[in-house]
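The values are calculated or read from the model by the stated rules, or taken from the named source; none is laboratory data. Please read these numbers as outputs of a predicted model, since none were measured by experiment. Here the Cβ positions follow ideal geometry from the backbone for every residue, glycine too, while neighbour counts run over all protein chains shown. In case anyone asks, the SASA skips ligands and DNA or RNA and just uses the protein heavy atoms, side chains included. Shrake-Rupley method; radii C 1.70, N 1.55, O 1.52, S 1.80 Å.
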Amino acid sequence: MNKKEEKWRNEGAAYALRVAKEKGVDYLEQDLRRRGALGISVILPEKAVEELYDMLAKRIMNTMKTVAMWVLYAEHGWRSVRLQRFEKQMDKHSEDCMSYDRFGNAYVTLSDMAKTMQETCGIHPDMETLELIEEENKREQGRFVSLAAVIEVLEETGHQDIADALTRKIENA
């Protein structure tokens, strides 16, 4: 191993140690998996990785939508009105997959959609991959609960004083 390779290895090890200490081994594993899948340098800042991921996700969605709309256009004779309606519906269903209720649960998931199509249409999407993606998203994003839901549960369980204190804190923020 030459001096440059040794330096790079040491920098990588130091980075991994720092991330593991600051954010935990699970985060380091996710980070390494994400970087390996995208072929990204280890020295790239996390913000840049997130921006790259978002850009790739948008491109993939745009590509999928374009191909789906082209099939409807070229093979089924759909034109402007039907394609525009389809695009709006696709955007709505995509948004549904990214929306959460007040307890931080997804309204609908891709695996929910895939299971329904599998049961009703005999289409067999890669369920394992969809469920893996959803599990990774849960770990990365955490879970967000609306404050109104928290206050409601506190009141229902007899913790009115805490609910009132939280309400005052929110109003004064």
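Rounded to the nearest Hz, the phi-derived 3J(HN,Hα) couplings of the range 69-74 under the Karplus curve 6.51 cos²θ - 1.76 cosθ + 1.60 (θ = phi - 60°) are 5, 5, 4, 5, 6, 6, where x marks glycine and proline. Karplus-derived 3J(HN,Hα) values for the range 80-92, using 6.51 cos²θ - 1.76 cosθ + 1.60 with θ = phi - 60°, are 3, 4, 5, 5, 5, 5, 4, 4, 4, 5, 5, 4, 5 Hz; glycine and proline are entered as x. Comparing mean-square fluctuations of Ser146, Ser80, Ser99 from a GNM of the chain with C-alpha springs under 10 Å, the top value falls on Ser80. Computed 3J(HN,Hα) for the range 158-168, one whole-Hz value per residue from the Karplus formula 6.51 cos²θ - 1.76 cosθ + 1.60 where θ = phi - 60°, is x, 10, 4, 4, 5, 4, 5, 4, 5, 4, 5, glycine and proline marked x.
Quick one: length gained pulling Glu134 to Arg168 fully straight, 0.36 nm per residue minus the C-alpha distance? Mind showing how you got there, number by number?
Details: separation 34, 0.36 × 34 = 12.24 nm, distance 3.58 nm.
Value of the extension gain: 8.7 nm.
Comparing Lys65, Lys21, Lys115 in a Gaussian network model of the chain (Cα springs below 10 Å), the most mobile by mean-square fluctuation is Lys21. Among Gly158, Gly24, Gly122, the largest mean-square fluctuation in a Gaussian network model of the chain (Cα springs under 10 Å) belongs to Gly158. Taking amide H as placed 1.01 Å from N in the peptide plane, the amide H of Trp78 sits under 5 Å from that of Tyr73, each at least 5 places away or on another chain. To the nearest 10, the accessible area of Glu22 is 130 Å² with a 1.4 Å probe. For Lys47, the accessible area of its heavy atoms, probed at 1.4 Å with every protein chain present, is near 130 square angstrom.
Which value in deg cm²/dmol, rounded to the nearest 500, describes the helix-derived mean residue ellipticity at 222 nm for the chain, given -39,500 (n - 2.57) per DSSP H run of n ≥ 4 and division by the residue count? Walk me through the intermediate numbers first.
Details: 8 runs with 134 residues, N = 173.
Dividing the helical sum by the residues of the chain leaves -26000 deg cm²/dmol.
Among the listed pairs Lys58/Lys88; Lys65/Lys92; Lys21/Lys58; Lys65/Lys115, give every one whose C-alpha distance is greater than 24 Å. From the list (Lys58/Lys88; Lys65/Lys92; Lys21/Lys58; Lys65/Lys115), the Cα-Cα distance tops 24 Å for Lys21/Lys58.
What's the local net charge at Tyr15, with K and R +1, D and E -1, over the other residues with C-beta under 13 Å away? Intermediate values should be presented prior to the final figure.
On the way: positive: Lys7, Arg9, Arg18, Lys21, Lys23, Arg35; negative: Glu11, Glu22, Asp31, Glu46.
For residues surrounding Tyr15, the net value is +2.
Measuring only protein heavy atoms, the 1.4 Å probe finds Arg18 accessible over about 120 Å². Annotation for Val71 and Ile123: the two label points, set 7 Å from Cα along the Cα-Cβ direction, are 0.7 nm apart. For Lys23, which lysines qualify as cross-link partners when the Cα separation must be under 22 Å and same-chain residues fewer than eight apart are set aside? Within the straight-line limit of under 22 Å, Lys23 reaches these lysines: Lys47, Lys138. Within the chain, what whole-number % of the accessible surface is contributed by carbon and sulfur, with the 1.4 Å probe and all protein chains included in the calculation? The computed percentage sits at 58.
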